[in-house]
Amino acid sequence: MTEAHDIEQHLPAQQRPHAHGSQRRCVEEDRAWSQLYTAIGHPSTAEEVVKQLEADPQAKRTHLALYIRAKTTLREQKAVDARNQRIGSFVRWVLTSVVLGPFRWLRAARSVAAGVAIEALPPVRREPSRTRATALRGDPDFAPAKERFAGTAAGAGATAEVEGSRGAKAA
């Protein structure tokens, strides 16, 4: 037994046997590190590990393999995201060309056809009396003549009404 005790004295601190409680703690910590190494393939875990290890240079030196694996995972995720973005752009371009292309072509053709149809129509002639009536509306000398005409037209309409009612009584 003294021989075993002497061997323990000469072992480094990490290899010395611990009390039962501290062994359990080491086993739990080893299990946690094992789970961390397993989960490092997920970008969110890798990002958090990189952030923590960059904040603590000593931990970064101690767990260099974990740090390198985390950085590799982030680089791979960045490449996957770039590839997915390129594929998405291509799919959008294809769908736009296939689905919307014919509609755009029809709209352009309709626009050209409408322009040709309008050019094929004969020129519009303005009626000379309409042009003259528009010019007379703004003339100050025309206003009294218009009022006299309106008064005459109202009187002629009233006379026609009286004659129409007399004809109805005679019948």
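For the peptides 113-120, 29-36, the ranking by packing is 29-36, 113-120, with the highest mean count of neighbouring Cβ atoms within 10 Å listed first.
Once the piece of chain linking Asp141 and Lys71 is laid out straight, how much longer is it, given 0.36 nm per residue of separation minus the C-alpha distance between them? Present the calculation step by step, with values, prior to reporting the outcome.
Working: separation 70, 0.36 × 70 = 25.20 nm, distance 9.32 nm.
The Asp141-Lys71 span can extend by a further 15.9 nm.
Within the accessible area of segment 40-118, the carbon and sulfur atoms contribute 64%, probe 1.4 Å, all protein chains present. FRET efficiency for the pair Val94 and Ala120, taken as 1/(1 + (r/R0)^6) with r the Cβ-Cβ distance and R0 = 30 Å, rounds to 0.20.
For the pair Leu106 and Ala82 in one chain, pulling the backbone fully straight at 0.36 nm per residue adds 5.1 nm over the alpha carbon distance.
With Cβ to Cβ distances under 15 Å as the rule, what net charge do the other residues near Ala145 carry (K, R +1; D, E -1)? Don't skip to the end; give the middle numbers.
Details: positive: Arg132, Arg137, Lys146, Arg148; negative: Asp139, Asp141, Glu147.
Surrounding charge for Ala145 is +1.
Only sites in a loop by DSSP and with at most 11 other Cβ atoms within 10 Å count here; which trypsin sites (Lys or Arg not before Pro) in segment 55-127 make the cut?
Those satisfying the criteria are Arg125, Arg126.
Classify segment 95-156 as rounded, prolate or oblate, taking a ≥ b ≥ c as the square roots of the eigenvalues of its Cα gyration tensor: rounded when a/c is under 1.5, otherwise prolate if a/b is larger than b/c and oblate if not. Verdict is prolate for segment 95-156. Once both labels are positioned 7 Å from their Cα atoms along Cα-to-Cβ, the gap between Thr134 and Glu47 label points is 6.8 nm. Note on Gln58 and Val27: the model spin-label points, each 7 Å out from Cα along the C-beta direction, lie 2.8 nm apart.
The values are calculated or read from the model by the stated rules, or taken from the named source; none is laboratory data. Keep in mind that this is a model prediction, so the values were computed, not measured. Counting neighbours? That spans all protein chains shown, and the Cβs are built from the backbone with ideal geometry, glycine included. Each accessible area value is taken on the protein alone, full model and side chains, heavy atoms only, with ligands, DNA and RNA left out. Shrake-Rupley method; radii C 1.70, N 1.55, O 1.52, S 1.80 Å.
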